[in-house]
1. Roughly how far apart, in whole Å, are the Cα centres of region 255-316 and region 169-227?
2. When the dipole is taken about the Cα centre of the chain, and only Lys, Arg (+1) and Asp, Glu (-1) are charged at their Cβ, what size is it in debye, to the nearest 20?
3. Could you list which residues have their amide H under 5 Å from that of Ala226, counting only those 5 or more apart in sequence or on another chain, with H placed in the peptide plane?
4. Per-residue HN-Hα couplings for region 165-179, Karplus 6.51 cos²θ - 1.76 cosθ + 1.60 at θ = phi - 60°, whole Hz, x for Gly and Pro?
5. Could you tally the net charge around Leu180, taking each other residue with its Cβ under 9 Å from the Cβ of Leu180, Lys/Arg +1 and Asp/Glu -1?
6. What order do you get for Glu168, Glu187 when you list them from fewest to most C-beta neighbours inside 10 Å?
7. Find the centroid of the Cα atoms in region 74-136 and in region 139-153, then give the distance between the two in whole Å.
8. Taking the Cβ of each residue in Arg88, Arg44, Arg153 as the centre, tally the other Cβ atoms inside 10 Å and list the residues starting with the fewest.
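Derivation of every value follows stated rules applied to the coordinates shown; laboratory data play no part. Note that the structure is a prediction, hence the values are computed from the model and not measured. Neighbour counts are summed over all protein chains in view; Cβ atoms, including those assigned to glycine, are modelled from backbone coordinates with ideal geometry.
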Amino acid sequence: MIITFTPNPSLDRTISLDTLERGGVHRANSLREDPGGKGVNVSRALAANNVATLAVLPAGGAMAVQFSALLDGASVPYALVDLPGALRTNIALVENDGTTTKINERGRVSTAADATLMLDEVDAHLSGAHWVVGCGSLPPGMDGSIYTELVDRVRAHGVKIAIDTSGEALGAAIAARPDLVKPNHHELSEYVGRPLPQLSDVLAAARDVVASGVETVVVSLGSHGAIAVTANAAEHAVANVATPLSTVGAGDCLLAGWLYAIDSGAHPRDAIATAVRWGSAAVGLPGSSVPGPQDLAPIDVHISVPPLPQITMTSD
């Protein structure tokens, strides 16, 4: 089983429109609501592909009822920590060409006691777990030490631990030496404190993280695919998405694909191909939809043969 932990979950509202014009009046083409937060998205993608998972997150009050119904509808098992107001609302404005503008609420002001309740809930479900994934931003009042303690607690049970976060929390997590971190290009650049204009620069930065004690670094690169780096190898994969609809949650689906593959015993080269297939399939779906087996089958992934290709990073 793969447990996800999302300390700052969200109700994701995705509004599609033709073109976004600042200051203009727009007519929505469609509206959808999904249970969100990075870890929740990972669990949704795993559940959609019949992988055993459990989403642990704080939620309370009336919004928890709606959120629970959405998780039930997605067949995602979950454990809620009763913290009223912990669910925020995130809005994504998606244009016809797939360009996505996100407006994310900050979340509930939280305390050290809240963090302890959340971590205790994770502890209660570790029996039989293969991986725990700590995902996403932190609510106001909470710092990266929650991920540091998560790493320590999970490792004490002999379970593998992955972290997908950014900023100060990413730095704190890396210092705790989890088995895996999954930054995107921008997050990795921010962590190492320098621009990473070429794929070779991304590789060097990821190797620095591995040298600090993290076993595997998976870096999502938008339209350039993703790279997986360990002490002994670097693997790169990319896929073309003919009709991109939304990038919301694509990195989370990529992480879910990697965990599924690695947990199934796949070689890292096959795992990065699976990860890119899952992430690319998500880009071809509306809102923060997650891909199922029927969405994954058509995705053609190209795996680079070492040495890695010379690629100039562009913003996505």
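1. Region 255-316 and region 169-227 have Cα centres spaced 17 Å from each other.
2. 120
3. For Ala226, the qualifying residues are Leu221, Ala237.
4. Couplings: 8, 8, x, 4, 5, 5, x, 5, 5, 4, 4, 7, 6, x, 6 Hz.
5. -1
6. Fewest-to-most Cβ neighbours within 10 Å comes out as Glu168, Glu187.
7. Answer, in whole Å: 13.
8. Arg153, Arg88, Arg44
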